[in-house]
Amino acid sequence: MARGKVKYRDVVGGRSKKSKKFDKKKAKPRKTYSLYRQDTKKPIRKRKFETSDEDYEKRQKVEKEVQPEEESSESEEEVDPMKELMSTFGSKLQHKQSLAIDSSDESSEEEDEDSPEADEDISNQNEDHVNKEDETLIENEDNLDSEDENEVAVDSTQNEDSDNLNDPFVKHVCYEFDESVLKSLQSTPVLVKDFVLNWPNLGRLLIQIPQYEKVKEEKNSFTIEEKKKFAPPGSVPNKINTSDLKNPENLFIKSQIINNLSKANNALKEDDTVFTDFQSELFSIINNYQDLYFTQRSFNNAEEIRFVYCLHAVNHILKTRLKVVHHNVRLSKKDDVPEDFRDQGLVRPKILMVVPFKDSAFKIIQMIINILLPQDKGHIMNKKRFLEEYTGNEIPMPKKNPKPEDYELTFTGNTSDDFKIGITVTKKSLKLFADFYSSDIIIASPLGLRTIIGAEGEPQRDYDFLASIELLVLDQTELFFMQNWDHFIHVINHLHLQPKDSHGTDFSRVRTWSLNGWAQYYRQTLIFSSIVLPEINSIFNKKCNNFAGKVKISNPVELGSIGQVIVQIPHVFHKFEASNAQTAIESRFEFFINKLLPLQRDSLMKQTMIYVPSYFDYVRLRNYFKKEELSFVQICEYSKDGKVARARDMFYHGDAHFLLYTERFHFFNRVRVKGIRHLVFYQPPTFPHFYYEMCNLMQEANMNKKIGSLSNMTVNVVYSKYDVHRLAAIVGTERATKMLQSERNVHMMVTGAD
């Protein structure tokens, strides 16, 4: 018999045994395949089943001999066996493969558990984790994500759009915006409408909503086509009502996690609500899928903030996953993929969280576990490895001469800054250390991502996993500035680039706006920082292009950190002019060496410390001091312990006139430099509390009484209009505004006076 031909035998009652066999399988749900699955197995080759006219006539003849004449007409009306057999093969072999959540994690939803493919997948899972998991976890691995298929099938038959029309997730993610919106977002500058709100806990909200022509949804009078739905424009966030706090389902939180929220939220004092007042206002903005820049993160509200964005991330993942599962069930009855079933991105990772230390990642993952999985329920894969790698490695804190409180809180736990971890989320399990292309959430440091992304021209570099990020969370963003800001910028610049590889993508399930390269306009970015920095402002203004709008929390500073200086000393602020931020660097250097340094070189100004926030400015000053052969010592973040001790000793005993001191060294070490009589801030410090820390070192107990007198002590600060945020954090917003607008270039304040 020729290849591709099928011989039909054992026909009973007009139906072949082979046909009946396929009818039984037909009742089971169709297996679907994942876009992100990294299978190494060879693809199954599809066989083409064909029948010749001669075989068909023979089969018809056999049917007439077996069937009674009066029943033959009835059977022909009920079913055409040939067509049914062909359709059986067609439904099994010729439909398009649909994108799905990784089939190894969705085995009970998307696979037939009795099929050889399912058994093979499960065995592969067991082999992958034999050396990683305890025996008890391996025994339960087959049931990692057991689902109620009947429930999924029932839910999938419902009209999701009508049920979730008010859900912010559906409004923001599930529709494509009109071309007029794109024109508005790509214009320079973007036309926005500004709003200002004042909320009890968050304070002053600056809101920007992009403006564009209203989309006209007109129905063609000559056709019966439905109106095309477009993504609605952004709106001003509304505070959550008190009644909604007791009914979280009104907040469009998945019912699966509602019962876990009260226990997971450590900030709650009462269990009858979901959020504190502060969290409810924060969630009102975040759940509106708008970009947020929160500038008042502190150690007191850190846990409250972490709970809110972890809840939003888990909620987003569960909604995306459920929509995919529903569509998979409905597509099992279809031969093609309609446009309404586009529900995924170019790659699987949807959420990226960038944090500075492993301890920060540890706390985030613990929070996700508490929100997603009730106590003693569900499975956490690779948990033992996670605890080993993300705990320990703590910096020992000295009992004698203790470090400042903020230092101990910042550097608690594992302080490694080179890490990355992928997380796969399913209904009843969490897989840690998952491959990036099979992960839903990626948590990493800027350095950890930089090592993977690499630089231009490197042979092994990968950034395709950043192509479809829908939620970007940046927590403790100010610490990136102390680590390496260039690494962070490098990561931001590689978001939403065109992938170099398809990674098994079924483009029939990829959202249209993702295929069009509009993912950056749908990405929601959440930035949390304890201070306001121009560099972070630049990221928020230029790299956050959410079509739903953006919200910035901007509250004035009333007192400033200068109020915590306990030493009675004059503080002189020197203003210099600069036309732009680029020329300000050169103008600052010229002002310092021409106006301020000649005064400090006087013999009466011995023991002068020059505090330099930028390492590049420090190198420039060091080279100038060497060229001028000035008496100085230096301490920077790259100085070895021996040189640091020698520099401190020489400065204390007056053997060196100047001490060049960098801010990053102070951030990571917090040493108590003794002998400071004159303090010069080359630029206002990045962290406002560093100002009073350095000034309070000028106490009498830290002085060498053999050199100088306590009456001759000064503090000088050099600033320009581009240092407005740093200056406001020191002297207060109102006073900083007056100092910048004043015609005078020198202002003096005295602290410690009665």
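Could you tell me how many of the residues in the stretch 379-403 are at positive phi and either surrounded by 17 or more Cβ atoms within 10 Å (Cβ to Cβ) or at pLDDT 95 or above (or both)?
Kept after step one, since they are at positive phi, are these residues of the stretch 379-403: 382, 392-393, 401.
When the remaining residues are screened for being either surrounded by 17 or more Cβ atoms within 10 Å (Cβ to Cβ) or at pLDDT 95 or above (or both), the result is 382.
Going through the stretch 379-403 one residue at a time, the tally reaches 1.
Would a scan of the stretch 461-475 turn up a residue that is closer than 19 Å to residue 534 by Cβ and aromatic (Phe, Trp, Tyr)? Please lay out each step first, then the result.
Within the stretch 461-475, the first condition is being closer than 19 Å to residue 534 by Cβ, and the residues that meet it are 474.
Adding the requirement that they be aromatic (Phe, Trp, Tyr) leaves none.
Checked against the condition, which is being closer than 19 Å to residue 534 by Cβ and aromatic (Phe, Trp, Tyr), the stretch 461-475 yields no hits at all.
Give the residues of the stretch 633-651 that are in contact (Cβ under 8 Å) with a residue 12 or more places away in the chain, of a type in the set (D, E, K, R) and closer than 16 Å to residue 702 by Cβ, sorted by residue number.
Step one: list which residues in the stretch 633-651 are in contact (Cβ under 8 Å) with a residue 12 or more places away in the chain, which gives 633-637, 639, 644, 646-648, 650-651.
Of the ones still in play, those that are also of a type in the set (D, E, K, R) are 637, 646, 648.
Listed by number, the list holds a single entry, 648.
If a residue has to be under 24 Å from residue 246 (Cα atoms) and either in contact with a Leu (Cβ under 6 Å, 6 or more places away or on another chain) or not in a loop (DSSP other than H, G, I, E, B) (or both) to count, how many in the stretch 276-307 make the cut?
Final tally of qualifying residues: 16.
Taking only the stretch 579-596 into account, find how many residues are over 45 Å from the mean Cα position of the chain (by Cα) and not charged (D, E, K, R).
Initial filter on the stretch 579-596 (over 45 Å from the mean Cα position of the chain (by Cα)): 594-595.
Pick out the ones that are also not charged (D, E, K, R) and you get 594.
Number of matching residues: 1.
In the stretch 530-571, what residues are touching a Cys at 6+ places or on another chain (Cβ under 9 Å) and hydrophobic (A, V, I, L, M, F, W, C)?
Across the stretch 530-571, the qualifying residues are 562, 565, 566, 567, 569.
Could you tell me whether the stretch 732-746 includes any residue that is surrounded by 21 or more Cβ atoms within 10 Å (Cβ to Cβ), in contact (Cβ under 8 Å) with a residue 40 or more places away in the chain and out of contact with any helix residue (DSSP H, G or I) (no Cβ under 9 Å at 6 or more places or on another chain)?
Scanning the stretch 732-746 turns up no residue that is surrounded by 21 or more Cβ atoms within 10 Å (Cβ to Cβ), in contact (Cβ under 8 Å) with a residue 40 or more places away in the chain and out of contact with any helix residue (DSSP H, G or I) (no Cβ under 9 Å at 6 or more places or on another chain).
Show the residue pairs meeting these rules: Cβ distance below 6 Å; 6+ apart or different chains; first residue within the stretch 297-311 and without any contact (Cβ under 8 Å) to a residue 60 or more places away in the chain and open to solvent by less than 20 Å² (accessible area, probe 1.4 Å); second residue among the aliphatic types (A, V, I, L, M) and assigned to a helix (DSSP H, G or I).
The qualifying pairs are 308/282.
Given the criterion of a type outside the set (D, E, K, R) and open to solvent by less than 20 Å² (accessible area, probe 1.4 Å), identify the matching residue among 652, 661. Walk me through how you get there before you give the answer.
Values: 652 fails: open to solvent by less than 20 Å² (accessible area, probe 1.4 Å).
Just a single option satisfies the conditions, and that option is 661.
Give me the residue from the stretch 680-696 that is over 33 Å from the mean Cα position of the chain (by Cα) and open to solvent by less than 20 Å² (accessible area, probe 1.4 Å) and, out of that set, nearest to residue 407 (Cα to Cα).
So, considering only residues that are over 33 Å from the mean Cα position of the chain (by Cα) and open to solvent by less than 20 Å² (accessible area, probe 1.4 Å), the one nearest to residue 407 (Cα to Cα) is 694.
Cβ-Cβ distance below 7 Å, separation of 6 or more or different chains: which pairs start in the stretch 183-201 with a residue that is in contact (Cβ under 8 Å) with a residue 60 or more places away in the chain and open to solvent by less than 90 Å² (accessible area, probe 1.4 Å) and end on one that is among the hydrophobic types (A, V, I, L, M, F, W, C) and part of a strand (DSSP E or B)?
192/209; 199/205
Need the failing condition index for residue 341 against (1) out of contact with any helix residue (DSSP H, G or I) (no Cβ under 8 Å at 6 or more places or on another chain); (2) farther than 30 Å from residue 392 by Cβ, just the number.
Residue 341 satisfies every listed condition except (1).
Filter the stretch 702-731 for residues that are surrounded by fewer than 20 Cβ atoms within 10 Å (Cβ to Cβ) and of a type in the set (S, T, N, Q) and give the result.
Of everything in the stretch 702-731, those that are surrounded by fewer than 20 Cβ atoms within 10 Å (Cβ to Cβ) and of a type in the set (S, T, N, Q) turn out to be 702, 704, 709, 711, 712, 714.
I'm trying to understand the selection: among the residues of the stretch 655-672, which are among the aliphatic types (A, V, I, L, M) and either over 25 Å from residue 628 (Cα atoms) or more than 39 Å from the chain's Cα centre (by Cα) (or both)? So that I can check it myself, show each step before the final result.
Our first condition is that a residue be among the aliphatic types (A, V, I, L, M); within the stretch 655-672, this holds for 656, 659-660, 671.
Across the stretch 655-672, the qualifying residues are 656, 659, 671.
Being open to solvent by 30 Å² or more (accessible area, probe 1.4 Å), under 12 Å from residue 307 (Cα atoms) and either in contact (Cβ under 8 Å) with a residue 12 or more places away in the chain or in contact with a Leu (Cβ under 7 Å, 6 or more places away or on another chain) (or both) narrows it down to one of 239, 254, 263, 246, so name that one.
The unique qualifying residue is 263.
Being more than 25 Å from residue 437 (Cβ to Cβ) and more than 22 Å from the chain's Cα centre (by Cα) is true for just one of 295, 273. Which residue is that?
Details: 295 fails: more than 22 Å from the chain's Cα centre (by Cα).
Exactly one residue qualifies, and that residue is 273.
Being over 30 Å from residue 679 (Cβ atoms) and under 18 Å from the mean Cα position of the chain (by Cα) narrows it down to one residue among 500, 542; which is it? Break it down stepwise before answering.
On the way: 500 fails: under 18 Å from the mean Cα position of the chain (by Cα).
Residue meeting the stated conditions: 542.
Out of everything in the stretch 664-679 that is in contact with an Asp or Glu (Cβ under 9 Å, 6 or more places away or on another chain) and within 16 Å of residue 648 (Cα to Cα), what residue ends up being surrounded by the most Cβ atoms within 10 Å (Cβ to Cβ)?
Initially, the stretch 664-679 is screened for residues in contact with an Asp or Glu (Cβ under 9 Å, 6 or more places away or on another chain), giving 664-670.
So of that shortlist, the ones also within 16 Å of residue 648 (Cα to Cα) come out as 665-666, 669-670.
Values: 665: 20, 666: 22, 669: 14, 670: 17.
By that ranking, first place goes to 666.
The values are calculated or read from the model by the stated rules, or taken from the named source; none is laboratory data. Owing to the predicted nature of the structure, the values given are computational and were not obtained by experimental measurement. Cβ atoms come from the backbone with ideal geometry, glycine included; neighbour counts cover every protein chain shown. Ligands, DNA and RNA are excluded from the accessible area calculation, which covers all protein heavy atoms including side chains. Shrake-Rupley method; radii C 1.70, N 1.55, O 1.52, S 1.80 Å.
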